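Input: a single structure, listed below in structure tokens.
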Amino acid sequence: MISVRNVAKTFTLHNQGGAVIPVMAGADLEVAPGECVALTGSSGAGKSTLMRMIYGNYLAASGSIIVGDVDVATAEPREILKLRRETLGYVSQFLRVVPRVATLNVVAEPMLAVGMERVAAEARARELLNRLRIPETLWELSPTTFSGGEQQRVNIARGFAHVFPAMLLDEPTASLDAANRATVLDLIHEAKARGAAIIGIFHDEEARARVADREIDVSRFTPRAA
Amino acid sequence: MSTPATPLLQVRDIRKTYGARIGCTDVNFDLYPGEVIGIVGESGSGKSTLLNCLAGHLAPDAGEILFNTRADGLKDTLKMSEPERRMLGRTDWAFVHQNARDGLRMGVSAGGNVGERLMAVGARHYGNIREQAIDWLDRVEIAEDRVDDRPGAFSGGMQQRLQIARNLVTGPRLVFMDEPTGGLDVSVQARLLDLLRGLVREMGLSAIIVTHDLAVVRLLADRLMVMKSGHVVEAGLTDQVLDDPQHGYTQLLVSSVLQV
């Protein structure tokens, strides 16, 4: 479902003397449907960079990143937008939404974007918010005013709202209490059971052990100084 | 949602010069139905010149602007007759000015401002026009009891929302916006952004938004073009251009944003 082949990444800092910083080379990774692969490596090793390249948020310098039938490394913006709408979900560490939009709508939005009826989308949004223990009194409020943990849970509800065949999870259990952490792990297990291919970053080792089928240490993709 | 195969707008090699100075040059892009494209750049980078060329307010020196018309398919709007282009401006196109006063008739009531667009496309039944005007004022969160007030009695944010209602009442397919949230209070900006996002999705609108506010484009635009000295120096997915900018100018622009 997700196939990363020989991917390299460099950052060129035009305003700092044109410094070229190679951060990744020869990255290879395959994730099958129903499989969860954890990216590991010390801070700065390139876990988030690799994940962002798969999402099309960072441009790959070379190589191919196939998700479904799209090569994210060379696709047109609108092909990537379609991929993100229908196929590839991403739960980032931060919730980025238009201020003032009610939580229920924030969670329902990914489903409305793929054409689900509003009634059905809101029903599913309620179910997820309930499971993630967001009190009903908050549903009509904008999540921009919520606590960090609440925002993270709204972000997760939004990320799992549409049944994506492929998902990227960046620290989905960070800043969560034990009960909510268990719920998130259940959501990941359910997604795997229905065949989603998942790539995750989990600093929480116990969580990683419970959901990940394999681990890939991204520091082996760190370019060596010649 | 299916992805339509035909672009709504195809822009080819647009160039506009002011004497020896370049307004904008070598601009090429396609815009698909339902897509929002943002144009950012510093003052004087040519973004407003480009927008005005695209919307038919300025005549470019060279290039083609192909619009997928309802009746005849792709047509070069630069080769259209003046009445034909004006008709487009009243029906399928809309232009939201930075300064709401440029897009409103200040001597006419709020309801009249909205109703006028409807009359321009042939609506004649007063009751229906008023009903639709009130419906649109409601959609942009202007209370019904203000329908007979003139825009001069409105705050800046309300004027901007009224301008949007006036523009969208005829169900355009393409909206040009020049700094639509410029000069507005941030809380009003957020309401406006929410409103615009909802309208884009519900009506399947395509939009071209010129702004210098990177936070606005991140939330509204699917794609981004970065302009400098009349040239498009970088284009791509909005979040990719903002998070992994490739051009030196974009890097400077992104790193210059003040954090709150």
* To do: Would you work out the charge dipole size for chain A about its Cα centre, treating the Cβ of every Lys and Arg as +1 and the Cβ of every Asp and Glu as -1, and quote it to the nearest 20 debye?
  => 340
* Each residue of the stretch B:29-41 in order: what ³J(HN,Hα) in whole Hz does its phi give by Karplus 6.51 cos²θ - 1.76 cosθ + 1.60, θ = phi - 60°, with x for Gly and Pro? -> 6, 10, 10, 9, x, x, 9, 10, 10, x, 10, 10, x
* Asked: Direction-averaged shadow area of the convex hull around the Cα atoms of the stretch A:176-226, nm²?
  -> 4.6
* Carbon-plus-sulfur fraction of the accessible area of the stretch B:135-260, 1.4 Å probe, in percent? -> 49
* Quick one: what do you get for the stretch A:25-73 if you divide its Cα Rg by 2.2 N^0.38 Å? -> 1.15
* **Where B:M203, A:M111 fall by accessible area, highest first, once all protein chains stay in place (1.4 Å)** => B:M203, A:M111
* To do: Report, ordered by chain and residue number, the lysines lying within cross-link reach of A:K9, taken as a straight Cα distance under 20 Å and ignoring same-chain residues fewer than 8 apart.
  => A:K47
* Structure fact -> In terms of the charge dipole of chain B, which places +1 on Lys and Arg and -1 on Asp and Glu at the beta carbon, the residue among B:G198, B:W136, B:Q251 farthest towards the positive end is B:W136
* **Heavy-atom surface of the stretch B:143-226, accessible at 1.4 Å and reported per residue (Å²)** => 33
* Counting DSSP beta bridges with both partners in chain A, what percentage is antiparallel, nearest 5? -> 50
* Structure fact -> Per chain A, sqrt(5λ) over the Cα gyration tensor eigenvalues, sorted largest first, in Å, gives 30, 19, 18
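Take the Cβ-Cβ distance between B:A215 and B:S81 as r, set R0 to 41 Å, and report the resulting FRET efficiency rounded to the nearest 0.05.
Once the sixth-power term is evaluated, E becomes 0.50.
Within chain B, how many Lys pairs that are eight or more residues apart, or on different chains, come under 18 Å at the alpha-carbon?
Total qualifying Lys-Lys pairs in chain B comes to 4.
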* Asked: What average number of partner chain Cβ atoms lie no more than 10 Å from the Cβ of the residues making up B:66-72?
  -> 0
* Structure fact -> One point scatterer per Cα, no solvent, Debye formula: log10 I(q)/I(0) for the protein assembly as shown at q = 0.06 Å⁻¹ comes out as -0.30
* HN-Hα J couplings of the stretch A:3-16 from phi, Karplus 6.51/-1.76/1.60, θ = phi - 60°, integer Hz, Gly and Pro as x? -> 9, 9, 10, 6, 8, 10, 9, 10, 10, 10, 9, 5, 9, 10
* Structure fact -> Percent antiparallel among DSSP beta bridges confined to the protein assembly as shown, nearest 5, equals 50
* Structure fact -> Packing-ranked peptide list from A:56-69, B:72-85, A:147-160, highest mean Cβ count within 10 angstrom first, is A:147-160, A:56-69, B:72-85
* Per residue of B:236-248, how many C-beta atoms from partner chains lie within 10 Å of its own C-beta, taken as a mean? -> 5
* Asked: Taking R0 as 25 Å, what's the FRET efficiency between A:S64 and B:D61 from their Cβ-Cβ distance, rounded to 0.05?
  -> 0.05
* About the Cα centre, charge dipole magnitude for the stretch B:133-236 (Lys/Arg +1, Asp/Glu -1 at Cβ), debye -> 360
* **Alpha carbon centroid spacing (whole Å) that separates the stretch A:64-106 from the stretch B:197-215** => 17
* Once the convex hull of the C-alpha atoms of chain B is built, how many Å³ does it hold per residue, rounded to a whole number? -> 139
* Asked: Quick one: what does P(r) look like for the stretch A:1-133 with 5 Å bins over all Cα pairs, in whole %?
  -> 2, 8, 15, 17, 17, 15, 12, 8, 4, 1, 0
* Shape of the stretch B:95-210, Cα gyration tensor, a/c cut at 1.5 -> oblate
* To do: Roll a 1.4 Å probe over the protein heavy atoms and report the accessible area of A:V37 in Å², nearest 10.
  => 0
* Asked: Residue by residue, what Karplus-based ³J(HN,Hα) values in Hz, rounded to whole numbers, does the stretch B:144-158 have, using 6.51, -1.76 and 1.60 with θ = phi - 60° and x for Gly and Pro?
  -> 4, 6, 9, 4, 9, 7, 7, x, x, 8, 9, 6, x, x, 5
* To do: Could you name the aspartates and glutamates whose alpha carbon sits less than 14 Å from that of A:K82, not counting residues in the same chain fewer than 8 places away?
  => A:D69, A:D71, B:E35, B:D222
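Could you work out what % of the accessible surface of the stretch A:93-146 is carbon and sulfur, using a 1.4 angstrom probe and leaving DNA, RNA and ligands out of the count?
Taking all protein chains in place, the stretch A:93-146 shows 54 percent carbon and sulfur surface.
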* Choose one of B:G38, B:C24, B:Q10: the residue whose Cα lies farthest towards the positive end of the charge dipole of the stretch B:1-47 (beta-carbon charges +1 Lys, Arg; -1 Asp, Glu; about the Cα centre). => B:C24
* Structure fact -> FRET efficiency (A:N6, A:E190; Cβ distance; R0 35 Å; to 0.05) is 0.60
* Asked: Mind checking how much accessible area A and B bury in total, 1.4 Å probe, in Å² rounded to 100?
  -> 2600
* Asked: Hey, got the average number of other protein chain Cβ atoms within 10 angstrom for residues in A:77-83?
  -> 6
* To do: Hey, can you find the accessible area per residue of the stretch A:111-225 for me, probe 1.4 Å, expressed in square angstrom?
  => 45
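The values are calculated or read from the model by the stated rules, or taken from the named source; none is laboratory data. Computed from a predicted structure; not experimentally measured. Positions of Cβ are generated from backbone atoms using ideal geometry, with glycine treated the same way; all protein chains shown enter the neighbour counts. Heads up: the accessible areas ignore ligands, DNA and RNA and are worked out on the full protein's heavy atoms, side chains in. Shrake-Rupley method; radii C 1.70, N 1.55, O 1.52, S 1.80 Å.
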